[in-house]
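Below you'll find the structure, written out as C-alpha coordinates, and then a few comments.
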Amino acid sequence: MKKLLILGAGTAGTMMLNKFANELDKNEWSITIVDEYEIHYYQPGFLFIPFGIYNKKDVIKPKRDFFPTGVEVIISGIEKIEPKENRVLLKNNQVLTYDYLIIATGTKIHPEETEGMTNELWHKNIFDFYTIEGAVALADFFRHWKGGKLVLNITEMPIKCPVAPLEFVFLADWYFTEHGIRDKVDIQFVTPLPGAFTKPKASSILGDFLTKKNINLTPDFSIARVDNENKKIVSWDETEIEFDVLVSIPTNMGDEYVKRSGMGDELNFIPTDKETLMVEGYNNIFAIGDCTNLPSSKAGSVAHFESDILFENFMDVIEGREPRAKFDGHANCYIESGFGKGILIDFNYTTEPLPGKFPLPGVGPFSLLEETKMNHYGKVMFRWMYWNLLLKGKELPIESNMSMAGKRL
Amino acid sequence: MSTIEIAGKTIELDADGNLANAADWSEDLARELAKIEGIEELTDRHWQVINYMRKVYEEDGGAPSIRKLTKESGVETKELYSLFPKGPAKKSARIAGLPKPKGCI
(Lines give C-alpha, C1' and ligand atoms only; values in the text may rest on other atoms or scores of the structure.)
Protein backbone atom coordinates (compact mmCIF):
# COMPACT_ATOMS: atom_id res chain seq x y z
CA MET A 1 0.00 0.00 0.00
CA LYS A 2 1.29 3.46 -0.88
CA LYS A 3 0.44 6.30 1.46
CA LEU A 4 -0.70 9.78 0.49
CA LEU A 5 -0.82 12.20 3.40
CA ILE A 6 -2.52 15.60 3.11
CA LEU A 7 -1.90 18.21 5.80
CA GLY A 8 -4.72 20.73 6.09
CA ALA A 9 -8.40 20.31 5.19
CA GLY A 10 -9.19 23.87 4.14
CA THR A 11 -10.07 24.88 0.58
CA ALA A 12 -6.90 23.49 -1.07
CA GLY A 13 -6.53 20.31 1.02
CA THR A 14 -10.19 19.33 0.66
CA MET A 15 -10.08 19.82 -3.12
CA MET A 16 -6.98 17.63 -3.42
CA LEU A 17 -8.51 14.98 -1.14
CA ASN A 18 -11.58 14.70 -3.34
CA LYS A 19 -9.61 14.64 -6.58
CA PHE A 20 -7.29 11.87 -5.41
CA ALA A 21 -9.99 9.83 -3.64
CA ASN A 22 -11.72 9.66 -7.04
CA GLU A 23 -8.61 8.85 -9.03
CA LEU A 24 -6.28 6.64 -6.97
CA ASP A 25 -6.95 2.88 -6.80
CA LYS A 26 -8.20 2.04 -3.28
CA ASN A 27 -6.40 -1.32 -3.39
CA GLU A 28 -3.07 0.42 -3.91
CA TRP A 29 -3.37 3.69 -2.01
CA SER A 30 -4.35 4.78 1.45
CA ILE A 31 -5.20 8.46 1.84
CA THR A 32 -5.04 10.34 5.15
CA ILE A 33 -5.94 13.97 5.82
CA VAL A 34 -5.09 15.90 8.99
CA ASP A 35 -6.61 19.14 10.27
CA GLU A 36 -6.85 20.71 13.70
CA TYR A 37 -10.43 21.99 13.27
CA GLU A 38 -13.74 20.25 12.52
CA ILE A 39 -15.46 23.31 11.01
CA HIS A 40 -14.98 24.53 7.46
CA TYR A 41 -15.30 28.29 7.10
CA TYR A 42 -16.29 29.90 3.81
CA GLN A 43 -13.62 32.57 4.24
CA PRO A 44 -14.66 34.80 1.30
CA GLY A 45 -17.90 35.31 3.28
CA PHE A 46 -16.13 36.88 6.30
CA LEU A 47 -16.00 40.18 4.37
CA PHE A 48 -19.81 40.43 4.38
CA ILE A 49 -20.34 39.76 8.10
CA PRO A 50 -19.37 43.23 9.47
CA PHE A 51 -22.01 44.76 7.16
CA GLY A 52 -24.78 42.39 8.22
CA ILE A 53 -25.04 40.80 4.73
CA TYR A 54 -24.02 37.35 6.02
CA ASN A 55 -24.09 36.05 9.55
CA LYS A 56 -22.03 33.31 11.15
CA LYS A 57 -24.41 30.57 10.03
CA ASP A 58 -23.91 31.52 6.36
CA VAL A 59 -20.21 30.72 6.39
CA ILE A 60 -19.82 27.49 8.37
CA LYS A 61 -20.34 23.82 7.59
CA PRO A 62 -18.83 20.70 9.16
CA LYS A 63 -15.67 19.58 7.32
CA ARG A 64 -16.95 16.00 7.32
CA ASP A 65 -19.66 17.00 4.79
CA PHE A 66 -16.89 17.39 2.22
CA PHE A 67 -14.80 14.30 2.95
CA PRO A 68 -15.25 11.35 0.57
CA THR A 69 -15.68 7.83 1.94
CA GLY A 70 -12.73 5.49 2.30
CA VAL A 71 -10.21 8.05 3.54
CA GLU A 72 -8.75 8.40 7.02
CA VAL A 73 -9.45 11.70 8.76
CA ILE A 74 -7.43 12.78 11.80
CA ILE A 75 -8.34 15.86 13.83
CA SER A 76 -5.13 17.10 15.40
CA GLY A 77 -2.60 19.91 15.20
CA ILE A 78 0.79 19.21 13.65
CA GLU A 79 3.95 19.13 15.74
CA LYS A 80 6.43 18.89 12.88
CA ILE A 81 7.31 17.34 9.54
CA GLU A 82 10.50 15.29 9.37
CA PRO A 83 10.88 15.42 5.59
CA LYS A 84 14.07 13.37 5.42
CA GLU A 85 12.37 10.51 7.30
CA ASN A 86 9.08 10.87 5.33
CA ARG A 87 7.32 11.29 8.67
CA VAL A 88 4.93 13.70 10.37
CA LEU A 89 4.52 14.02 14.14
CA LEU A 90 1.11 15.19 15.33
CA LYS A 91 0.15 17.14 18.45
CA ASN A 92 -1.90 14.13 19.60
CA ASN A 93 1.38 12.14 19.65
CA GLN A 94 0.52 10.07 16.58
CA VAL A 95 3.35 9.49 14.10
CA LEU A 96 2.34 9.27 10.45
CA THR A 97 4.58 8.02 7.65
CA TYR A 98 3.99 8.81 3.99
CA ASP A 99 5.20 8.06 0.49
CA TYR A 100 3.83 11.37 -0.82
CA LEU A 101 2.93 14.48 1.14
CA ILE A 102 0.72 17.41 0.15
CA ILE A 103 0.99 20.47 2.39
CA ALA A 104 -2.07 22.72 2.44
CA THR A 105 -2.00 24.32 5.89
CA GLY A 106 -2.73 27.88 4.78
CA THR A 107 -1.97 31.13 6.52
CA LYS A 108 -3.21 32.79 9.69
CA ILE A 109 -3.20 36.37 10.95
CA HIS A 110 -0.72 37.42 13.64
CA PRO A 111 -1.84 40.76 15.10
CA GLU A 112 0.62 40.29 17.97
CA GLU A 113 3.47 40.86 15.47
CA THR A 114 2.67 44.60 15.61
CA GLU A 115 3.43 46.44 18.86
CA GLY A 116 0.26 47.48 20.69
CA MET A 117 -2.16 45.83 18.26
CA THR A 118 -3.59 43.31 20.72
CA ASN A 119 -3.61 45.63 23.75
CA GLU A 120 -6.72 47.08 25.42
CA LEU A 121 -8.46 48.27 22.23
CA TRP A 122 -8.30 44.87 20.48
CA HIS A 123 -11.82 43.83 19.46
CA LYS A 124 -13.13 47.02 21.13
CA ASN A 125 -11.95 49.69 18.67
CA ILE A 126 -9.47 47.58 16.69
CA PHE A 127 -10.79 44.68 14.63
CA ASP A 128 -9.75 42.19 12.01
CA PHE A 129 -12.18 40.56 9.59
CA TYR A 130 -9.99 37.59 8.68
CA THR A 131 -11.31 35.53 11.62
CA ILE A 132 -14.92 34.72 12.42
CA GLU A 133 -14.47 36.28 15.88
CA GLY A 134 -13.12 39.53 14.43
CA ALA A 135 -15.80 39.77 11.73
CA VAL A 136 -18.64 39.16 14.21
CA ALA A 137 -17.22 41.62 16.77
CA LEU A 138 -16.95 44.28 14.05
CA ALA A 139 -20.57 43.68 12.98
CA ASP A 140 -21.65 44.36 16.58
CA PHE A 141 -19.53 47.52 16.68
CA PHE A 142 -20.84 48.91 13.37
CA ARG A 143 -24.48 48.31 14.37
CA HIS A 144 -24.21 50.93 17.11
CA TRP A 145 -21.56 53.23 15.66
CA LYS A 146 -22.49 56.88 15.17
CA GLY A 147 -19.59 57.72 12.84
CA GLY A 148 -16.01 59.04 13.03
CA LYS A 149 -12.67 58.01 11.58
CA LEU A 150 -12.67 54.53 10.03
CA VAL A 151 -9.10 53.50 9.17
CA LEU A 152 -8.33 50.32 7.26
CA ASN A 153 -4.66 49.37 7.51
CA ILE A 154 -2.68 46.61 5.81
CA THR A 155 0.28 45.73 8.03
CA GLU A 156 2.59 44.09 5.51
CA MET A 157 2.45 41.98 2.37
CA PRO A 158 1.76 39.24 1.44
CA ILE A 159 -1.81 38.87 2.71
CA LYS A 160 -4.59 36.43 2.00
CA CYS A 161 -6.90 37.87 -0.67
CA PRO A 162 -5.19 41.19 -1.52
CA VAL A 163 -8.49 42.61 -2.86
CA ALA A 164 -10.46 42.05 0.37
CA PRO A 165 -9.24 45.29 2.03
CA LEU A 166 -10.47 47.26 -1.00
CA GLU A 167 -13.80 45.44 -0.96
CA PHE A 168 -14.05 46.28 2.73
CA VAL A 169 -13.80 50.05 2.21
CA PHE A 170 -16.12 49.92 -0.84
CA LEU A 171 -18.73 48.08 1.22
CA ALA A 172 -18.22 50.47 4.15
CA ASP A 173 -18.99 53.38 1.79
CA TRP A 174 -22.23 51.62 0.76
CA TYR A 175 -23.17 50.50 4.31
CA PHE A 176 -22.82 53.92 5.93
CA THR A 177 -24.66 55.55 3.00
CA GLU A 178 -27.55 53.09 3.53
CA HIS A 179 -27.53 53.92 7.24
CA GLY A 180 -27.66 57.65 6.49
CA ILE A 181 -24.39 58.54 8.24
CA ARG A 182 -21.88 58.47 5.34
CA ASP A 183 -21.24 62.22 5.84
CA LYS A 184 -20.15 61.47 9.42
CA VAL A 185 -17.74 58.66 8.45
CA ASP A 186 -14.24 59.46 7.21
CA ILE A 187 -12.94 56.33 5.45
CA GLN A 188 -9.18 55.94 5.04
CA PHE A 189 -7.31 53.19 3.19
CA VAL A 190 -3.77 53.00 4.58
CA THR A 191 -1.39 50.60 2.82
CA PRO A 192 2.34 49.80 2.67
CA LEU A 193 1.99 49.50 -1.13
CA PRO A 194 2.65 52.47 -3.42
CA GLY A 195 -1.04 52.46 -4.49
CA ALA A 196 -4.44 50.81 -4.12
CA PHE A 197 -3.32 47.40 -5.41
CA THR A 198 -0.25 45.28 -6.09
CA LYS A 199 -0.14 45.70 -9.89
CA PRO A 200 0.20 49.10 -11.67
CA LYS A 201 -2.77 49.22 -14.10
CA ALA A 202 -5.30 47.79 -11.63
CA SER A 203 -3.79 49.98 -8.92
CA SER A 204 -4.52 53.11 -10.93
CA ILE A 205 -8.07 52.06 -11.96
CA LEU A 206 -8.96 50.87 -8.44
CA GLY A 207 -7.40 54.04 -7.03
CA ASP A 208 -9.87 56.03 -9.16
CA PHE A 209 -12.72 54.04 -7.59
CA LEU A 210 -11.45 55.06 -4.14
CA THR A 211 -11.47 58.73 -5.17
CA LYS A 212 -14.94 58.42 -6.72
CA LYS A 213 -16.26 56.89 -3.50
CA ASN A 214 -14.61 59.60 -1.37
CA ILE A 215 -12.21 57.18 0.34
CA ASN A 216 -8.80 58.64 1.24
CA LEU A 217 -5.75 56.64 0.17
CA THR A 218 -2.50 56.78 2.15
CA PRO A 219 0.17 54.73 0.31
CA ASP A 220 3.70 53.77 1.47
CA PHE A 221 2.66 53.54 5.14
CA SER A 222 4.44 50.77 7.05
CA ILE A 223 2.94 50.43 10.51
CA ALA A 224 5.39 50.22 13.41
CA ARG A 225 2.98 50.35 16.37
CA VAL A 226 -0.48 51.16 17.65
CA ASP A 227 -0.82 53.95 20.20
CA ASN A 228 -3.85 52.72 22.20
CA GLU A 229 -4.04 55.72 24.48
CA ASN A 230 -4.31 58.30 21.67
CA LYS A 231 -5.99 55.95 19.14
CA LYS A 232 -3.30 56.37 16.51
CA ILE A 233 -1.31 54.13 14.22
CA VAL A 234 2.32 55.15 13.85
CA SER A 235 4.60 54.26 10.93
CA TRP A 236 8.32 53.40 11.10
CA ASP A 237 9.09 56.93 9.91
CA GLU A 238 6.81 58.41 12.62
CA THR A 239 3.82 59.40 10.48
CA GLU A 240 0.70 59.24 12.65
CA ILE A 241 -2.89 58.50 11.64
CA GLU A 242 -5.76 58.87 14.12
CA PHE A 243 -8.67 56.44 14.21
CA ASP A 244 -11.95 55.90 16.01
CA VAL A 245 -12.15 52.40 14.62
CA LEU A 246 -9.16 50.58 13.14
CA VAL A 247 -9.74 47.65 10.82
CA SER A 248 -6.41 45.89 10.58
CA ILE A 249 -5.17 43.29 8.12
CA PRO A 250 -2.49 41.88 10.44
CA THR A 251 0.72 40.13 9.39
CA ASN A 252 -0.04 36.83 7.63
CA MET A 253 2.14 33.85 8.46
CA GLY A 254 2.22 30.14 7.71
CA ASP A 255 1.62 27.65 10.54
CA GLU A 256 4.09 27.44 13.44
CA TYR A 257 4.92 23.79 12.74
CA VAL A 258 6.57 24.92 9.47
CA LYS A 259 9.19 26.74 11.53
CA ARG A 260 9.62 23.77 13.87
CA SER A 261 10.18 21.61 10.78
CA GLY A 262 12.82 24.01 9.42
CA MET A 263 10.92 24.20 6.13
CA GLY A 264 9.77 27.83 5.89
CA ASP A 265 10.95 31.34 5.07
CA GLU A 266 10.88 34.20 7.60
CA LEU A 267 7.05 34.24 7.47
CA ASN A 268 6.80 30.42 7.70
CA PHE A 269 5.76 30.14 4.05
CA ILE A 270 7.13 27.10 2.27
CA PRO A 271 9.58 27.59 -0.62
CA THR A 272 7.76 25.93 -3.52
CA ASP A 273 8.54 25.69 -7.24
CA LYS A 274 6.22 28.28 -8.75
CA GLU A 275 5.48 26.13 -11.82
CA THR A 276 5.48 22.49 -10.64
CA LEU A 277 4.19 23.17 -7.07
CA MET A 278 6.77 20.75 -5.66
CA VAL A 279 8.40 21.80 -2.39
CA GLU A 280 11.97 22.87 -3.13
CA GLY A 281 14.51 20.18 -2.27
CA TYR A 282 12.07 17.23 -2.16
CA ASN A 283 10.72 14.94 -4.88
CA ASN A 284 7.76 13.57 -2.90
CA ILE A 285 6.31 16.72 -1.31
CA PHE A 286 3.90 19.18 -2.93
CA ALA A 287 2.48 22.40 -1.48
CA ILE A 288 -0.68 24.23 -2.51
CA GLY A 289 -2.63 27.34 -1.58
CA ASP A 290 -1.80 30.00 0.98
CA CYS A 291 1.01 28.01 2.71
CA THR A 292 3.43 28.43 -0.22
CA ASN A 293 5.83 31.29 -0.95
CA LEU A 294 4.62 31.58 -4.57
CA PRO A 295 4.62 35.12 -5.99
CA SER A 296 0.89 34.82 -6.68
CA SER A 297 -2.15 36.02 -4.75
CA LYS A 298 -3.16 34.02 -1.70
CA ALA A 299 -6.76 33.25 -2.64
CA GLY A 300 -9.20 30.38 -3.09
CA SER A 301 -9.32 30.88 -6.87
CA VAL A 302 -5.54 30.52 -7.03
CA ALA A 303 -5.69 27.33 -4.93
CA HIS A 304 -8.35 26.03 -7.31
CA PHE A 305 -6.23 26.66 -10.42
CA GLU A 306 -3.22 25.15 -8.65
CA SER A 307 -5.23 22.02 -7.80
CA ASP A 308 -5.49 20.99 -11.47
CA ILE A 309 -1.76 21.51 -11.99
CA LEU A 310 -0.83 19.68 -8.78
CA PHE A 311 -3.09 16.78 -9.72
CA GLU A 312 -1.44 16.34 -13.15
CA ASN A 313 2.08 16.66 -11.74
CA PHE A 314 1.35 14.22 -8.92
CA MET A 315 0.16 11.62 -11.44
CA ASP A 316 3.36 12.19 -13.44
CA VAL A 317 5.60 11.84 -10.39
CA ILE A 318 4.01 8.64 -9.02
CA GLU A 319 4.42 7.07 -12.46
CA GLY A 320 8.10 7.98 -12.51
CA ARG A 321 7.91 10.89 -14.96
CA GLU A 322 9.08 14.47 -14.59
CA PRO A 323 6.19 16.81 -13.67
CA ARG A 324 4.99 18.39 -16.92
CA ALA A 325 2.18 20.79 -15.96
CA LYS A 326 3.18 24.38 -15.24
CA PHE A 327 1.25 26.79 -13.05
CA ASP A 328 1.15 30.32 -14.50
CA GLY A 329 0.05 32.14 -11.33
CA HIS A 330 -3.56 32.54 -12.52
CA ALA A 331 -5.88 34.46 -10.18
CA ASN A 332 -9.51 35.45 -10.79
CA CYS A 333 -11.10 37.78 -8.25
CA TYR A 334 -14.56 39.29 -7.96
CA ILE A 335 -14.24 42.57 -6.10
CA GLU A 336 -17.48 43.54 -4.38
CA SER A 337 -17.75 47.31 -4.80
CA GLY A 338 -21.01 48.11 -2.98
CA PHE A 339 -24.51 49.18 -4.17
CA GLY A 340 -25.07 45.74 -5.75
CA LYS A 341 -22.11 46.00 -8.10
CA GLY A 342 -18.77 44.32 -8.51
CA ILE A 343 -15.46 44.53 -10.41
CA LEU A 344 -13.65 41.49 -11.86
CA ILE A 345 -9.90 41.04 -12.30
CA ASP A 346 -8.11 38.12 -13.97
CA PHE A 347 -4.29 37.87 -14.06
CA ASN A 348 -1.19 35.70 -13.64
CA TYR A 349 2.54 35.88 -12.80
CA THR A 350 3.39 37.85 -15.94
CA THR A 351 0.16 39.53 -17.10
CA GLU A 352 -1.21 42.16 -14.75
CA PRO A 353 -5.00 42.67 -14.44
CA LEU A 354 -6.21 44.30 -17.67
CA PRO A 355 -9.52 45.89 -18.71
CA GLY A 356 -11.78 44.18 -21.28
CA LYS A 357 -14.20 41.25 -21.18
CA PHE A 358 -13.93 37.90 -19.42
CA PRO A 359 -15.70 35.18 -21.41
CA LEU A 360 -17.28 32.37 -19.36
CA PRO A 361 -19.25 29.64 -21.18
CA GLY A 362 -22.94 29.60 -20.22
CA VAL A 363 -22.97 32.70 -17.97
CA GLY A 364 -20.45 35.31 -19.16
CA PRO A 365 -19.06 37.53 -20.42
CA PHE A 366 -18.13 39.56 -17.35
CA SER A 367 -16.52 43.02 -17.58
CA LEU A 368 -12.95 43.35 -16.35
CA LEU A 369 -11.92 46.30 -14.15
CA GLU A 370 -15.36 47.88 -14.53
CA GLU A 371 -18.17 48.15 -12.00
CA THR A 372 -21.21 46.08 -13.10
CA LYS A 373 -24.20 44.33 -11.53
CA MET A 374 -23.22 41.16 -13.41
CA ASN A 375 -19.89 40.98 -11.56
CA HIS A 376 -21.77 41.23 -8.25
CA TYR A 377 -23.95 38.25 -9.28
CA GLY A 378 -20.72 36.38 -10.14
CA LYS A 379 -19.60 36.87 -6.56
CA VAL A 380 -22.96 35.87 -5.07
CA MET A 381 -23.12 32.76 -7.27
CA PHE A 382 -19.63 31.77 -6.24
CA ARG A 383 -20.66 30.76 -2.70
CA TRP A 384 -22.92 28.06 -4.16
CA MET A 385 -20.17 26.89 -6.52
CA TYR A 386 -17.70 26.80 -3.63
CA TRP A 387 -19.76 24.49 -1.42
CA ASN A 388 -21.22 22.34 -4.19
CA LEU A 389 -18.53 22.06 -6.86
CA LEU A 390 -15.15 23.49 -5.89
CA LEU A 391 -14.56 21.77 -2.53
CA LYS A 392 -15.74 18.48 -3.97
CA GLY A 393 -13.06 18.67 -6.63
CA LYS A 394 -15.53 18.94 -9.51
CA GLU A 395 -14.84 20.71 -12.80
CA LEU A 396 -15.60 24.43 -13.00
CA PRO A 397 -16.15 26.13 -16.38
CA ILE A 398 -12.88 28.06 -16.14
CA GLU A 399 -9.36 27.17 -17.32
CA SER A 400 -6.47 26.69 -14.87
CA ASN A 401 -4.11 28.79 -16.93
CA MET A 402 -5.03 32.36 -17.80
CA SER A 403 -6.40 33.25 -21.23
CA MET A 404 -5.87 36.57 -23.03
CA ALA A 405 -9.28 36.27 -24.74
CA GLY A 406 -11.24 39.53 -24.32
CA LYS A 407 -8.45 41.42 -22.54
CA ARG A 408 -7.42 44.88 -23.82
CA LEU A 409 -3.71 45.72 -23.74
CA MET B 1 12.34 48.49 -20.09
CA SER B 2 13.97 51.94 -19.98
CA THR B 3 17.42 53.47 -19.72
CA ILE B 4 19.06 56.22 -17.65
CA GLU B 5 22.17 58.31 -18.22
CA ILE B 6 24.61 58.19 -15.32
CA ALA B 7 28.07 59.75 -15.45
CA GLY B 8 28.02 59.67 -19.25
CA LYS B 9 27.05 56.00 -19.37
CA THR B 10 23.72 54.58 -20.55
CA ILE B 11 22.35 52.08 -18.04
CA GLU B 12 19.47 49.70 -18.80
CA LEU B 13 16.66 49.31 -16.25
CA ASP B 14 14.06 46.53 -15.83
CA ALA B 15 10.28 47.04 -15.67
CA ASP B 16 10.47 47.94 -11.95
CA GLY B 17 13.16 50.57 -12.55
CA ASN B 18 15.96 48.41 -11.11
CA LEU B 19 19.22 47.57 -12.90
CA ALA B 20 18.60 45.20 -15.81
CA ASN B 21 22.21 43.92 -15.88
CA ALA B 22 23.86 43.13 -12.55
CA ALA B 23 27.25 43.54 -14.27
CA ASP B 24 26.64 47.32 -14.62
CA TRP B 25 26.81 47.76 -10.84
CA SER B 26 29.73 49.41 -9.07
CA GLU B 27 30.11 51.28 -5.80
CA ASP B 28 30.25 54.55 -7.72
CA LEU B 29 27.06 53.69 -9.56
CA ALA B 30 25.42 52.85 -6.20
CA ARG B 31 26.21 56.40 -4.98
CA GLU B 32 24.52 57.82 -8.09
CA LEU B 33 21.50 55.50 -7.74
CA ALA B 34 21.20 56.57 -4.10
CA LYS B 35 21.02 60.23 -5.14
CA ILE B 36 18.14 59.42 -7.49
CA GLU B 37 16.36 57.86 -4.47
CA GLY B 38 16.94 61.07 -2.52
CA ILE B 39 19.85 59.76 -0.40
CA GLU B 40 22.67 62.28 -0.80
CA GLU B 41 25.40 60.35 0.96
CA LEU B 42 25.84 56.65 1.65
CA THR B 43 27.14 56.15 5.19
CA ASP B 44 28.75 53.01 6.66
CA ARG B 45 25.31 51.97 7.92
CA HIS B 46 23.88 52.25 4.40
CA TRP B 47 26.77 50.13 3.11
CA GLN B 48 26.20 47.50 5.79
CA VAL B 49 22.66 47.04 4.43
CA ILE B 50 23.71 47.22 0.75
CA ASN B 51 26.51 44.69 1.24
CA TYR B 52 24.20 42.37 3.15
CA MET B 53 21.63 42.61 0.33
CA ARG B 54 24.26 41.72 -2.27
CA LYS B 55 25.51 38.80 -0.19
CA VAL B 56 21.99 37.32 0.17
CA TYR B 57 21.36 37.83 -3.53
CA GLU B 58 24.53 35.94 -4.41
CA GLU B 59 23.56 33.05 -2.11
CA ASP B 60 19.78 32.85 -2.78
CA GLY B 61 19.33 34.49 -6.18
CA GLY B 62 16.70 36.89 -4.76
CA ALA B 63 16.73 40.16 -2.83
CA PRO B 64 15.66 39.70 0.83
CA SER B 65 12.37 41.00 2.23
CA ILE B 66 12.20 43.68 4.92
CA ARG B 67 11.65 40.97 7.57
CA LYS B 68 14.78 39.11 6.60
CA LEU B 69 16.68 42.40 6.52
CA THR B 70 15.60 43.25 10.07
CA LYS B 71 16.43 39.79 11.31
CA GLU B 72 19.82 39.34 9.69
CA SER B 73 21.41 42.59 8.48
CA GLY B 74 22.30 43.87 11.97
CA VAL B 75 20.25 47.03 11.36
CA GLU B 76 16.88 47.36 13.13
CA THR B 77 13.62 48.17 11.30
CA LYS B 78 13.42 51.69 12.75
CA GLU B 79 16.93 52.56 11.53
CA LEU B 80 16.29 50.90 8.15
CA TYR B 81 13.42 53.31 7.60
CA SER B 82 15.56 56.31 8.54
CA LEU B 83 18.40 55.16 6.24
CA PHE B 84 16.10 54.31 3.32
CA PRO B 85 12.90 56.34 3.89
CA LYS B 86 9.52 54.87 2.79
CA GLY B 87 10.70 51.49 1.49
CA PRO B 88 13.96 50.10 2.89
CA ALA B 89 13.79 46.73 1.11
CA LYS B 90 12.76 48.24 -2.21
CA LYS B 91 15.17 51.19 -2.10
CA SER B 92 18.21 49.32 -0.82
CA ALA B 93 17.66 46.62 -3.46
CA ARG B 94 17.59 49.27 -6.17
CA ILE B 95 20.78 50.92 -4.89
CA ALA B 96 22.45 47.51 -4.50
CA GLY B 97 21.73 46.85 -8.19
CA LEU B 98 19.32 43.98 -7.49
CA PRO B 99 15.81 43.25 -8.78
CA LYS B 100 12.79 44.21 -6.65
CA PRO B 101 12.47 41.90 -3.59
CA LYS B 102 10.07 38.98 -4.04
CA GLY B 103 7.99 39.99 -1.01
CA CYS B 104 6.80 43.13 -2.84
CA ILE B 105 4.10 41.31 -4.82
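Take the residues in the range A:255-278 that are in a loop (DSSP other than H, G, I, E, B) and charged (D, E, K, R), then tell me which one is nearest to the other protein chains (Cβ to nearest Cβ).
A:266
Yes or no: residue A:152 touching a helix residue (DSSP H, G or I) at 6+ places or on another chain (Cβ under 6 Å), away from chain B (no Cβ under 14 Å) and closer than 23 Å to residue A:114 by Cα?
Yes, satisfied.
I need the full set of residues from the range A:221-237 which are within 14 Å of chain B (Cβ to nearest Cβ) and either closer than 17 Å to residue B:84 by Cα or crowded, with 22+ Cβ neighbours inside 10 Å (or both), in order please.
Scanning the range A:221-237 gives A:221, A:222, A:223, A:224, A:235, A:236, A:237.
Give just the number: which of (1) away from chain B (no Cβ under 12 Å); (2) buried (at least 20 other Cβ atoms within 10 Å of the Cβ); (3) not in a loop (DSSP other than H, G, I, E, B) does residue A:252 not satisfy?
If we test residue A:252 against (1) away from chain B (no Cβ under 12 Å); (2) buried (at least 20 other Cβ atoms within 10 Å of the Cβ); (3) not in a loop (DSSP other than H, G, I, E, B), just (1) comes out false.
Scan A:193, A:171, A:246 and give me the residue that is in contact with a Leu (Cβ under 9 Å, 6 or more places away or on another chain), not in a strand (DSSP E or B) and not assigned by TED's automatic domain parsing to the domain that holds residue A:43.
On inspection, the qualifying residue turns out to be A:171.
Results for (1) in contact (Cβ under 8 Å) with a residue 60 or more places away in the chain; (2) under 12 Å from the mean Cα position of the chain (by Cα); (3) on the phi > 0 side of the Ramachandran plot; (4) in a helix (DSSP H, G or I), shown as yes or no for each residue.
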residue: B:4; (1), (2), (3), (4): no, no, no, no
residue: B:34; (1), (2), (3), (4): yes, yes, no, yes
residue: B:67; (1), (2), (3), (4): no, no, no, yes
residue: B:70; (1), (2), (3), (4): no, no, no, yes
residue: B:101; (1), (2), (3), (4): no, yes, no, no
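Mind telling me which of the residues B:31, B:67 ends up being among the basic types (Lys, Arg) and more than 28 Å from residue A:264 (Cβ to Cβ)?
Going through B:31, B:67 in turn, just one is among the basic types (Lys, Arg) and more than 28 Å from residue A:264 (Cβ to Cβ): B:31.
Look through A:128, A:58, A:35 and report the one residue that is touching a Lys or Arg at 6+ places or on another chain (Cβ under 7 Å) and of a type outside the set (Lys, Arg).
Step by step, each of A:128, A:58, A:35 is checked, and only A:35 is touching a Lys or Arg at 6+ places or on another chain (Cβ under 7 Å) and of a type outside the set (Lys, Arg).
Any residue at all in the range A:303-326 that is at pLDDT below 95, out of contact with any Ser or Thr (no Cβ under 6 Å at 6 or more places or on another chain) and crowded, with 16+ Cβ neighbours inside 10 Å?
Scanning the range A:303-326 turns up no residue that is at pLDDT below 95, out of contact with any Ser or Thr (no Cβ under 6 Å at 6 or more places or on another chain) and crowded, with 16+ Cβ neighbours inside 10 Å.
Being more than 9 Å from chain A (Cβ to nearest Cβ) and crowded, with 23+ Cβ neighbours inside 10 Å is the filter here, so list the residues in the range B:77-90 that pass it.
Result: B:84, B:89.
What's the number of the condition residue A:394 fails, among (1) surrounded by fewer than 16 Cβ atoms within 10 Å (Cβ to Cβ); (2) touching a strand residue (DSSP E or B) at 6+ places or on another chain (Cβ under 8 Å)?
(2)
I need the full set of residues from the range A:399-409 which are crowded, with 17+ Cβ neighbours inside 10 Å, out of contact with any helix residue (DSSP H, G or I) (no Cβ under 6 Å at 6 or more places or on another chain) and at negative phi, in order please.
Hits for the range A:399-409 are A:402, A:407.
Regarding the range A:118-127, can at least one residue be identified that is under 22 Å from residue A:42 (Cβ atoms) and either of a type in the set (Asp, Glu) or outside the structural domain of residue A:174 (by TED's automatic domain parsing) (or both)?
No, because not a single residue in the range A:118-127 is under 22 Å from residue A:42 (Cβ atoms) and either of a type in the set (Asp, Glu) or outside the structural domain of residue A:174 (by TED's automatic domain parsing) (or both).
Considering only residues that are hydroxyl-bearing (Ser, Thr, Tyr) and either closer than 28 Å to residue A:169 by Cα or not assigned by TED's automatic domain parsing to the domain that holds residue A:65 (or both), which ones fall in the range A:14-51?
Listed by number, the residues that qualify are A:41, A:42.
Just to confirm my filter: which strands (runs of 3 or more DSSP E) fall fully inside the range A:339-409 and include at least 3 residues that are among the hydrophobic types (A, V, I, L, M, F, W, C)?
A:341-347
Within the range A:178-187, can one find any residue that is without any contact (Cβ under 8 Å) to a residue 60 or more places away in the chain, more than 30 Å from residue B:91 (Cβ to Cβ), under 24 Å from the mean Cα position of the chain (by Cα) and part of a helix (DSSP H, G or I)?
no
Does residue B:42 qualify as being buried (at least 17 other Cβ atoms within 10 Å of the Cβ) and outside any helix (DSSP H, G or I)?
When the stated conditions are applied, residue B:42 passes them.
Taking the options B:74, B:97, B:62, name whichever one is farther than 21 Å from residue A:221 by Cα, within 11 Å of chain A (Cβ to nearest Cβ) and assigned to a loop (DSSP other than H, G, I, E, B).
B:62
Which one is farthest from residue A:6 (Cα to Cα), of the residues in the range A:279-296 that are crowded, with 24+ Cβ neighbours inside 10 Å and either among the small types (Gly, Ala, Ser) or within 14 Å of another protein chain (Cβ to nearest Cβ) (or both)?
In this case the residue turns out to be A:294.
The values are calculated or read from the model by the stated rules, or taken from the named source; none is laboratory data. Everything numeric here is computed off the predicted structure, so don't read it as measured data. All Cβ positions, glycine included, derive from the backbone under ideal geometry; neighbour counts span all protein chains shown.
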